[in-house]
1. Tell me which residues come under 5 Å, amide H to amide H, from A:Q193 once H is placed; ignore anything under 5 positions away on its chain.
2. For chain A, compute Rg over Rh where Rg is the Cα radius of gyration and Rh is the Kirkwood radius from the inverse mean 1/r over Cα pairs.
3. In what sequence do A:Y650, A:Y729, A:Y135 fall when counting other Cβ within 10 Å, fewest first?
4. Suppose a student asked you for the relative contact order of region A:144-245, using Cα pairs under 8 Å spaced at least 6 residues apart; what percent would you report?
5. Below 8 Å, C-alpha to C-alpha, sequence gap of six or more: please give me the relative contact order for chain A in percent.
6. Is region A:421-497 best put as rounded, prolate or oblate by its Cα gyration tensor, with a ≥ b ≥ c the root eigenvalues, rounded for a/c under 1.5, and otherwise prolate when a/b is larger than b/c, oblate when not?
7. May I ask you to evaluate 6.51 cos²θ - 1.76 cosθ + 1.60, the Karplus curve with θ = phi - 60°, for each residue of region A:104-109 and list the ³J(HN,Hα) values in order in whole Hz, giving x for glycine and proline?
8. How much of the pair distance distribution for region A:707-842 lies past 22 Å, counting alpha-carbon pairs only, in percent?
Amino acid sequence: MAIETYYPFQEAEPRWQKAWAERRLFEARIDGKRPKSYILEQFPYPSGKLHMGHVRVYTIGDAMARFRRMQGFDVLHPMGFDAFGLPAENAAIQRGVRPADWTEQCIDNMRGQLNRLGMSYDWEREVVTCRDDYYRWNQWIFIKMWEMGLVERRKAAVNWCPKCQTVLANEQVINGRCWRHEDTDVDVRQLDQWFLKITDYADELLKDLDDKLAAWPNLVTAQQRNWIGRSEGALVKFKVKETGEDLPIFTTRPDTLFGVSFMVMAPEHPKVAELVKGKPNEAEVKNFINKIVLEGREKRTDEAAEKEGCPLGLTAINPVNGREVPIWIANFVLMEYGTGAIMAVPAHDQRDFEFAKKFDIPIHVVIQPEGQTLDSSTMTAAYTEPGVMVNSAQFDGMPSPDAKKAIVTWLAGKKQGEPTVQYRLRDWLISRQRFWGTPIPFIHCEHCGLVPVSVDELPVKLPPDAKFGDGSPLAGVEDFVNVKCSKCGGKARRETDTMDTFFDSSWYYLRYCDAKNATLPFNKEAQAWMPVDLYVGGKEHAILHLLYSRFFTKVLRDMGLIKLDEPFSRLLTQGMVLSEGKDPRTGEVRFFKMSKSIGNVVDPSEIIEQYGADAARMFILFAAPPDKDLEWTTAGVEGIARFMNRLWRYVQNNLHNLRAGMALKSEVKPGEAKNDTDKALLRQIHETTRRVTADLAERQQFNTAISACMELLNALHSWPLHENDVLGYRLAATSMSRLALLISPFAPHLAEEIWAQIGGEGLVAEQPWPAWDEEALKVDEIEIALQVLGKVRGHMMVGVNEDEEAIKQRALADEKVVPFTQGKTIRKVIYVKHKLVNIVAN
RNA sequence: GCCGGGAUGGCGGAACUGGCAGACGCAAGGGACUUAAAAUCCCUCGCCCACAAGGCGUGCGGGUUCGAUUCCCGCUCCCGGCACCA
């Protein structure tokens, strides 16, 4: 008689959450006797409530943390909040609340939601970046970086977002627009700003991508490699004929030096104004510069943009052959890269070619392709491939790749050039003209200039209130701004910029290891826990957060705080959560990233209420592999809820037998199962254990792990549980207790509920992970496929130890096989052990 | 243009080292139970062929192999990143 009930998740889930919290099962301890595992997910910005994307990352991380804990690892699985940032400040402006109050309220709400999902965090180590017990260490690290020479305040052309009312880092500018405001072009402004010299670490950041981050997705390492943008080339000294001064250029093509026919400087190049000062064309040049600068960076760096140029009326001397060439300024040359000046070889560079054609500048061919002769008067595009050197004095006849090195060596001997490496990566602009961030711990003294705040005066606390409106909010807080110089005691002003919030998130993973340390940002415990063994987060941080964190780790290492080169040994970038929606423009119905404008947002709270936290977790893990986008469907969630109920119902309907079996406290051993159905079930129990373990440990492939559990339940359903049969009780109990343990990383509440019902001891969360027995996986006979010419024609049972020759003979005589071999010559018979026989006959 | 990733039934996906393509789930269809519905249970479910036997089938075209979703060569299309970086 079947009992129709539903798993009462509304009541059960909070009950188990309470049980875990009371037993403090998730508090991390490390003693060095057991292996450690640091499982971390990117901490959220406290926006107010969780979205499905959060549920996905945190479920993935939680499943892994629970699995490792049961496996006997010392697990660190912490959570915190990336709490500084503009949205809180904007909320403060719009609602007239303090950013701190608003943020803390959001945090409370989100912490509650995370707990409601059953996440196994060690909240004792919570890190909240907007509290002064955290951000004081930002300031401490910043001052140490200053002492190491890694902090610079300098005037530079910087990106300004008019909506954010602050400057941005290069990494925060996407296609010339603000990363937060896709519709807002950033301006370029000349401002005094604070930079971290990440470029000092460019080489190591690049090298370690290959050497130490093999377990990162290619997508991420490739993007970082691209962003760092290493180019090998040479610095070559050209000379200005009229003034005699040196004008160095950077080139990756020293093999084309004999083909230079002009030189180009960036319009902003500081030497330009000097060079044309008092010259008749001064006004003309200045007009041109103004025009280009006004165009803005986005337009200028568009490859399709028309080449614009203006001659300076000056001459450069090419050091390789003494040839005198005109100097131009042009829109396509950037001040920030190389030396801000280039040599131009129209025959072998497409940009130079277009420029030369437009302004009628000579073209000199110096590299000929194999078996072809280029003619400068008939060329329609630059030839940029390798070839044979011509018109290049003693280098003629040399293959151009060889000439690259030879020419640089020759120039170096004459002190006219040297090999060099350039990076695309720029220093990290970290100052922001906003309130809700870590105050930069410096003062500006009228006498002493820039003075760091002494480390024992930290933290420099944010004032509780500020005047929001035009300009930097902190600048209007007089108590904050007016200070005495700590060096000379004279009048001074506090720095009113705050730090980019990416500073906060660049080292939070270290703080978790030693979250309450009041004398240092972190100490020895960090050495024991680090590196993070699995870091789960979104691809959108491929460059930003993940590059900055790598940089910080190397800096903190060089500061002597930790022995560590890379913070995250393994990275899992989870896909987005999509749901069905209607394209507002085309009306097309398909899956989109959840967004308000499309109206396809699914609220996790509603799902938890309707189906429970476990169903949400299970569906999210089951619907797609973790690194792929996931299509959220109600039917899918119902499917998973159906599975959980089936499991639940099996327990209810067989409660008596399961309890009786559990009470005997002994799992069925391989030799004990006698009949075929029992043997098959026992075998599947162990096979499932093996599959789930491998899927979690090696591949983080939760979808297949869950489907293995489904298969085991299906098998259990069709297995006949005979009443009054002790082996039967025990086998049922073995199956069900295993199932409870195996699904517990995914559906921890249901697992506990089942475990308790069948009479399991203690909590599932503190049980050891089950092992599989190779003996139980063994079978007496296996079905193999019979192929003729690679096509399956039938099947046959073979004994595991059956003689190969006997199998082949039986296969050749098989009634399904014979029609396909009749009248043909048997060329070969291939046997793949325990898989197939393939007969080659024609 | 350069770099990275994809393409498997109506759908999400599986196939781990070159060895039976389509596990598991969703949707769909049929049936049982029910006064009825829901729930549950059973069956079918890649395509062609009325059935069967058979043939075809993992984006396309070649190749290697006894055997290819998997390896190699050449394409197409889609997604993501970078891009006048000298």
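1. A:R154, A:K155, A:A156
2. Ratio of gyration radius to Kirkwood radius for chain A: 1.07.
3. Fewest-to-most ranking of A:Y650, A:Y729, A:Y135: A:Y650, A:Y729, A:Y135.
4. 24
5. Relative contact order of chain A: 13 percent.
6. oblate
7. 4, 5, 4, 4, 4, 5
8. 58
No lab work stands behind these numbers, since they all come straight from the coordinates. None of these values were measured; they are calculated from a predicted model. So basically every Cβ, Gly included, is an ideal-geometry build from the backbone, and we count neighbours across all protein chains shown.
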